[in-house]
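This report concerns only the one structure given below.
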Amino acid sequence: MKVIPQTKWEWFDITSLFKIEKGERLVKTDRIDGEVPLITASSKNNGIVDFLSKEVFKEKKKTFDNKITIDMFFNTFYQDEEYFSDDNVHTLIPLFNKNNLYIMLFLLTILRQSAYKYGYGRQLRIKRLELEKIKLPADEEGNPDWKFMEKYMRELSKKVYFDKKVKKVSLRKVETKNWEKFVIGALFKNNFKRGMRLIEIDRTKGDIQYYSASSKNNGLTDMIANPIFIEKDALIYSTFGDSFYVEGEFTASDEITILKHPEMNKYNGLFIATILKENKYKYGFGRKAFLNKLLKDTIKLPADEEGNPDWKFMEKYIKSLPYSKTLEN
């Protein structure tokens, strides 16, 4: 990733940069299929949940275009086409004249740094959003340095390319009619435990993986030589709802729950990690996924004829996906 050159940065109120407008509720029964995206609270597909006709909307309702959307869980996206948004989404309308793709993408990246504050237990509402501040490059007069932001993003975009040698692939659709709900605590029975904190100043460099609450690099935070404990081949679940399968020896902080099962391997482990992440919206800075909450939570998994998790199906499915051979030793 390109490092941003050292420059002057200043804090700016959100309300000094944007006018905030809230979307309007539209129940499913009132929707008519069309071509205009409907943005709702979602971390997927740029927040798009449906495509609607303009006929649905009365005069008081409106569409937006070329704006940033932020939902109740602080999922933040840039919308480059006309769209509708529901009442769980806020639209940021620029009060500055430099409204172009490069500047909006720069601002989008900075805004996302505040996402850790919000989640299921502490949702983003307009009063909270109005109090937010973001730190931006500033010019000599202390105003946002729009030229610098645009130049930086233009230079960065030159490094993005599409490899024409990569073939387009279609992912297999998973049949879900034979899926059952499982309580996480019962699924992993007594094969779970919370990690133990080892602050950075007490760590010595080594070759044991140390995992903590991070959505980056699969949660890998450090490589250490003095672990308090060592685990091997397990799922990890962070207090913010991120889940990964770790192969080999590792240790983890107290922000991590370690989940193990005798039938689990790296293939079905990756399958379950993906399913566990579907509950991420429930957790955040204000409502962390500690054991008392996590073990009561439920997930849906493929089930066999006896109603048990179908470990073989999950393994077979992952092995059938494109690039699955990269998982082999």
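The values are calculated or read from the model by the stated rules, or taken from the named source; none is laboratory data. Since we're looking at a predicted model, the values are computed, not measured. Virtual Cβ from ideal backbone geometry, glycine too; neighbours counted across all protein chains shown.
Select, from 275, 236, the only residue that is modelled with pLDDT under 95 and either of a type in the set (Phe, Trp, Tyr) or surrounded by 15 or more Cβ atoms within 10 Å (Cβ to Cβ) (or both). Show your work before the answer.
Values: 236 fails: modelled with pLDDT under 95.
Only one candidate passes the filter, namely 275.
With respect to the numbered conditions (1) free of Cβ contacts under 8 Å to residues at least 12 places away in the same chain; (2) closer than 19 Å to residue 248 by Cβ, which one is the sole condition not fulfilled by residue 195?
Single failed check for residue 195: (1).
Taking the criterion of being part of a loop (DSSP other than H, G, I, E, B) and in contact with a strand residue (DSSP E or B) (Cβ under 7 Å, 6 or more places away or on another chain), would at least one residue in the stretch 273-291 satisfy it?
First pass over the stretch 273-291, keeping only residues part of a loop (DSSP other than H, G, I, E, B): 283, 285-286, 288-290.
Next cut, in contact with a strand residue (DSSP E or B) (Cβ under 7 Å, 6 or more places away or on another chain) only: 289.
The answer is yes; a qualifying residue exists.
List every residue pair whose Cβ atoms sit under 6 Å apart, with the two residues 6 or more apart in sequence or on different chains, where the first one lies in the stretch 6-18 and is assigned by TED's automatic domain parsing to the domain that holds residue 70 and the second, anywhere, is acidic (Asp, Glu) and surrounded by 12 or more Cβ atoms within 10 Å (Cβ to Cβ).
14/132; 15/130
Could you say whether any residue in the stretch 242-261 is assigned to a loop (DSSP other than H, G, I, E, B) and surrounded by fewer than 18 Cβ atoms within 10 Å (Cβ to Cβ)?
Our first condition is that a residue be assigned to a loop (DSSP other than H, G, I, E, B); within the stretch 242-261, this holds for 242, 253-255, 260-261.
Filter again for surrounded by fewer than 18 Cβ atoms within 10 Å (Cβ to Cβ), leaving 254, 260.
Yes.
Restricting to the stretch 180-210, name every residue that is out of contact with any Asp or Glu (no Cβ under 9 Å at 6 or more places or on another chain) and within 23 Å of residue 273 (Cβ to Cβ).
180, 181, 182, 186, 187, 188, 189, 190, 191, 192
Suppose we filter the stretch 221-248 for residues that are of a type in the set (A, V, I, L, M), within 14 Å of residue 258 (Cα to Cα) and either out of contact with any helix residue (DSSP H, G or I) (no Cβ under 9 Å at 6 or more places or on another chain) or not assigned by TED's automatic domain parsing to the domain that holds residue 265 (or both); how many remain?
Total satisfying the criteria: 1.
What is the one condition in (1) among the small types (Gly, Ala, Ser); (2) free of Cβ contacts under 8 Å to residues at least 40 places away in the same chain; (3) part of a loop (DSSP other than H, G, I, E, B) that residue 234 does not satisfy?
Going through the list (1) among the small types (Gly, Ala, Ser); (2) free of Cβ contacts under 8 Å to residues at least 40 places away in the same chain; (3) part of a loop (DSSP other than H, G, I, E, B), residue 234 breaks only (3).
Among the residues of the stretch 279-323, count how many are under 30 Å from residue 253 (Cα atoms) and in contact (Cβ under 8 Å) with a residue 40 or more places away in the chain.
Of the stretch 279-323, the ones under 30 Å from residue 253 (Cα atoms) are 279-301, 309, 311, 314-315, 318.
Narrowing further to those that are in contact (Cβ under 8 Å) with a residue 40 or more places away in the chain: 280-291, 294-301, 309, 311, 314-315, 318.
So the answer is 25.
Of the residues 268, 308, 226, 217, which single one is under 15 Å from the mean Cα position of the chain (by Cα) and not hydroxyl-bearing (Ser, Thr, Tyr)?
Values: 268 fails: under 15 Å from the mean Cα position of the chain (by Cα); 308 fails: under 15 Å from the mean Cα position of the chain (by Cα); 226 fails: under 15 Å from the mean Cα position of the chain (by Cα).
Exactly one of 268, 308, 226, 217 is under 15 Å from the mean Cα position of the chain (by Cα) and not hydroxyl-bearing (Ser, Thr, Tyr), namely 217.
Mind checking which residues of the stretch 65-85 are within 24 Å of residue 285 (Cβ to Cβ) and of a type in the set (D, E, K, R)?
The answer is 71, and nothing else.
What are the residues in the stretch 262-272 that are crowded, with 22+ Cβ neighbours inside 10 Å and part of a loop (DSSP other than H, G, I, E, B), if any?
264
Which of the residues that make up the stretch 178-223 are surrounded by 13 or more Cβ atoms within 10 Å (Cβ to Cβ), assigned to a loop (DSSP other than H, G, I, E, B) and of a type in the set (Ser, Thr, Tyr)?
212, 214, 215
Let me spell it out: the conditions are (1) surrounded by fewer than 16 Cβ atoms within 10 Å (Cβ to Cβ); (2) at pLDDT below 90; (3) in a loop (DSSP other than H, G, I, E, B), and residue 119 meets all of them except one. Which number is the exception?
With respect to (1) surrounded by fewer than 16 Cβ atoms within 10 Å (Cβ to Cβ); (2) at pLDDT below 90; (3) in a loop (DSSP other than H, G, I, E, B), residue 119 is out only on (1).
Filter the stretch 18-66 down to the residues that are on the phi > 0 side of the Ramachandran plot and in a helix (DSSP H, G or I), then identify the one that is modelled with the lowest pLDDT. Reasoning before the result, please.
We begin by selecting, within the stretch 18-66, every residue on the phi > 0 side of the Ramachandran plot; these are 45-47, 66.
Within this subset, residues satisfying the condition of being in a helix (DSSP H, G or I) are 45-47.
Details: 45: 85, 46: 89, 47: 90.
Filtering first and then ranking leaves 45.
Take residue 204 and decide whether it is within 22 Å of residue 115 (Cβ to Cβ) and either among the hydroxyl-bearing types (Ser, Thr, Tyr) or over 22 Å from the mean Cα position of the chain (by Cα) (or both). Can you show your working first?
On the way: within 22 Å of residue 115 (Cβ to Cβ): no; either among the hydroxyl-bearing types (Ser, Thr, Tyr) or over 22 Å from the mean Cα position of the chain (by Cα) (or both): yes.
When the stated conditions are applied, residue 204 does not pass them.
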